[in-house]
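These notes concern the structure reproduced below.
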Amino acid sequence: MTQTDTHYSLYIHIPWCVKKCPYCDFNSHEKRDDYNEEAYVDALIRDLKTEAPNVKGRTLKSIFIGGGTPSLFSAKSLGKILSQVDQQLNKTGDIETTLEANPGTFEAEKFSAFRQTGINRLSIGIQSFNDPHLKILGRIHDSDQAHRAIKMAQDAGFERINLDLMFGLPEQTVEQAVQDVERALSYQTGHLSHYQLTLEKNTLFYAHPPILPIDEQIWDMQTECQKQIANQLSQYEVSAYAAKQQQSQHNVNYWQFGDYIGIGAGAHGKLTDNNGEVSRYWKKKQPREYMQTAGTPECIGGENTVIKAELPFEFMMNALRLKSGFTLQQFTQRTQLHSSTIEPTLTTLMDKQLLKLNNSIYSCTEQGWNFLNNTLEHFLPTA
């Protein structure tokens, strides 16, 4: 393995939230009888200790604490977990440590304490600054709480903050979508995730679909919002925009087909061995079952090995989301496949003006970017 391949990321999943949003298909559970913060922290630590040997000799480059709503947990609990990470894993000196937070769970003292644990980046789930839209989305916060949360985070000393915004909401106009973006940009947090509401399986919205804006309106929302965002931030991924040196290192690792380990209920991991074999695994989803089995083989909910024929598609599904694209060297590094595996397909896509080549870097053209799924289909294994 090369030096670049020795880096990896850690995902920590905290599954509980105050209320399950009707559009959410993540492994999240409303805070009820099975909620036990202390027992869950102990389970995470047992889980971490079983993961540590899998990354021995490698260096941790980023940590992401997601959910659910991880900001429900106390700073003491999160500090206990991160202290164990320090003991069990070898980290880079400038490690990025992100915590997902819901504006409805913000307390000024709590977030100052989070900062003291080593968390240096927040990802705040704003979704909209429009109260009627927040109500439709089933969010527990209102626009005033959203504004206060951002200010609290900045006052607590967080210099790296991502704001999540959605567009294409029920009853939303183009003007309202742009207004949400303008309000988010006014805080100059340096990072914005701006993505379209989609109706995912196993959600309340999928079972009882709300009326969404028509495709033409959604396209107008996206293009008009992107014009506003471009005044302050650069797009570096399909739905991610950042100021200079503010990109999410954790997500970039995913998109570059990097390795990561996952601890927590339903957490996923991906590891590559010295022969280039890529394995994926995930933990038991139900919090109670996870807490009972953490630290034992029974904690694994499932696993599979990515067959070599699928590796090009798996790599491209991530790498082509990035504006920066990829090199053949990176492809070989991440998949252990020779570049000749994909070169004919790359040539075809360039002929169709879906990909471009500049200084050894392959990336999507504007057309390839707008029709990314069609571009990716060319890398699917043939029967």
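Worth a mention:
- The C-alpha radius of gyration of the stretch 312-377, expressed as a fraction of 2.2 N^0.38 Å, stands at 0.99.
- Counting only Cα atoms, the size of the stretch 151-261 along its three principal axes is 39, 35, 26 Å, in decreasing order.
- Note on Lys151: aspartates and glutamates with a C-alpha under 17 Å away, same-chain residues under 8 apart excluded, are Glu100, Glu107, Glu109, Asp142, Glu159, Asp164, Asp180, Glu182.
- Look at the alpha carbon pairs under 8 Å that are at least 6 residues apart: their mean separation over the length of the stretch 312-377 gives a relative contact order of 34 percent.
- Annotation: average projected area of the stretch 4-254 is 13.7 square nanometres, based on the convex hull of Cα atoms across all directions.
- A Förster distance of 41 Å, applied to the separation of the beta-carbon atoms of Ile214 and Asp94, puts the FRET efficiency at 0.35.
- Convex hull projection area averaged over all views, the stretch 198-243, Cα basis, nm²: 4.2 nm²
- Of the trypsin sites (Lys or Arg not before Pro) in the stretch 295-383, those whose Cβ has at most 15 other Cβ within 10 Å and which sit in DSSP loop: Lys323, Lys352
- Residue-averaged 222 nm ellipticity for the chain, from DSSP H runs of 4+ at -39500 (n - 2.57), nearest 500: -10500 deg cm²/dmol
- At R0 = 35 Å, FRET efficiency that the Cβ-Cβ distance of Leu199 and Lys227 yields, to 0.05: 0.85
- Relative contact order of the chain, pairs being alpha-carbon contacts under 8 Å that are 6 or more residues apart, as %: 16 percent
- Under a model in which nothing but the beta-carbon of Lys, Arg (+1) and Asp, Glu (-1) is charged, the chain shows a dipole of about 780 debye around its Cα centre.
- The alpha-carbon of Lys201 sits under 26 angstrom from the alpha-carbons of these lysines, leaving out residues fewer than 8 places away in its chain: Lys19, Lys20, Lys31, Lys135, Lys270, Lys283, Lys284, Lys285.
A short reminder: the numbers here are calculations on the coordinates, not readings from a lab. Not measured: the values here are computed from a predicted model. Cβ coordinates were reconstructed from backbone atoms using ideal geometry, including for glycine residues, and neighbour counts include every protein chain displayed.
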